[in-house]
1. Specify which of the listed residues (154, 158, 241) is in the same structural domain as residue 92 (by TED's automatic domain parsing), exposed (fewer than 12 other Cβ atoms within 10 Å of the Cβ) and farther than 28 Å from residue 260 by Cα.
2. Could you name every one of the strands (runs of 3 or more DSSP E) located completely within the stretch 130-231 that has at least 2 residues being over 18 Å from residue 309 (Cα atoms)?
3. Quick check: anything in the stretch 92-104 over 31 Å from the mean Cα position of the chain (by Cα), surrounded by fewer than 18 Cβ atoms within 10 Å (Cβ to Cβ) and in the same structural domain as residue 178 (by TED's automatic domain parsing)?
4. Yes or no: the stretch 156-171 includes at least one residue that is touching a residue at least 24 places away in the same chain (Cβ under 8 Å) and more than 29 Å from residue 115 (Cα to Cα).
5. Out of curiosity, is residue 288 in contact (Cβ under 8 Å) with a residue 12 or more places away in the chain, part of a strand (DSSP E or B) and either more than 25 Å from the chain's Cα centre (by Cα) or under 19 Å from residue 101 (Cα atoms) (or both)?
6. Can you say whether residue 236 is loosely packed, with under 15 Cβ neighbours inside 10 Å, without any contact (Cβ under 8 Å) to a residue 12 or more places away in the chain, under 27 Å from the mean Cα position of the chain (by Cα) and not in a strand (DSSP E or B), as far as the supplied structure shows?
7. What number goes with the only condition from (1) touching a residue at least 60 places away in the same chain (Cβ under 8 Å); (2) under 31 Å from the mean Cα position of the chain (by Cα) that residue 194 does not pass?
């Protein structure tokens, strides 16, 4: 019993959490260091600082953006319940559509905008948010408006200040979008309609229309071009990833059919995170792409119209979020990288430093033995004297 108690008592030191570390000094230094270890340490520190600076530069330039897509959709009840409206303005900076009606004759010539007026009438109507549709003015397109939309500089287009002989455009800044009216329990959607009719003799045109046979004969050479703005995104570019272009749609007319098309527009919004610690999204661009194109062909009445193309808003929306790294993420990545580099440095240097320490210990041991032998010889010498 006494022996067992003594054995347990002697084993208490195994559980001591506060034991003193036994260390010794070598040449008055706590660590045995080498020039090789110093070189590797400096190289790894320089590499770590370089990688930290690269991370900061990538954050500043947006090279490490994460692209997140959020697709939203609402029904009319949701719009009314939350009283949501989405107003936008169409102009040369946001959405510059244009229309071309031309006849390409078999002899290689063409009839342009003014030359077709005795045969066909082009009209543009606008449906506002609070009233019936109304006829609006249009004119020949300015080349500079299309260049502004496409973000082309004047130096790249020698015809920047000229007007087109073929295309027509709206003359006004147009309010478009979806507007909720909870009081009337309605959702109003604006629209733009491009319409082509056969010329009808009136007092306004001084009854200057061509005869019906010539109009029908010319119709086979007629071509309609709807230039629909379109935005695409190349997210490999950190600066201005959006590129604007046109979707050119071509249609032919028939005296027997009324052709109707409706382009359902969808806003495409690009937001970028400018926050350093927390998220701070700001809108960079708002563009509009065709989400769906509806079409319908009906038998045409004797005095009915030939062609109609509408631009209206749908209830879908795409939002691209460019999420940037945060300061804590950059520091965490730097800490992980630094630990990895230190581990690599430990693999490279510890074995070498341990060998060099053993070499130093051996040299010190032999040097001490030599000094002790010399001391003994001196003592013997003085003893014999």
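The values are calculated or read from the model by the stated rules, or taken from the named source; none is laboratory data. Small disclaimer: the values here were computed from a predicted structure and weren't measured. All Cβ positions, glycine included, derive from the backbone under ideal geometry; neighbour counts span all protein chains shown.
1. Values: 154 fails: exposed (fewer than 12 other Cβ atoms within 10 Å of the Cβ); 241 fails: exposed (fewer than 12 other Cβ atoms within 10 Å of the Cβ).
Unique residue meeting the criteria: 158.
2. On the way: elements: 134-136, 138-142, 163-170, 174-181, 186-189, 191-198.
So the answer is 138-142, 163-170, 174-181, 186-189.
3. yes
4. Scanning the stretch 156-171, I find no residue that is touching a residue at least 24 places away in the same chain (Cβ under 8 Å) and more than 29 Å from residue 115 (Cα to Cα), so the answer is no.
5. Working: in contact (Cβ under 8 Å) with a residue 12 or more places away in the chain: yes; part of a strand (DSSP E or B): yes; either more than 25 Å from the chain's Cα centre (by Cα) or under 19 Å from residue 101 (Cα atoms) (or both): no.
Answer is no for this residue.
6. Working: loosely packed, with under 15 Cβ neighbours inside 10 Å: yes; without any contact (Cβ under 8 Å) to a residue 12 or more places away in the chain: yes; under 27 Å from the mean Cα position of the chain (by Cα): yes; not in a strand (DSSP E or B): yes.
Judged against the criteria, residue 236 is a match.
7. (2)
For (1) surrounded by fewer than 16 Cβ atoms within 10 Å (Cβ to Cβ); (2) touching a strand residue (DSSP E or B) at 6+ places or on another chain (Cβ under 8 Å), each residue gets a yes or a no:
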| site | (1), (2) |
| --- | --- |
| 277 | yes, no |
| 284 | yes, yes |
| 289 | no, yes |
| 302 | yes, no |
| 306 | no, yes |
| 310 | no, yes |
| 313 | no, yes |
| 317 | no, yes |
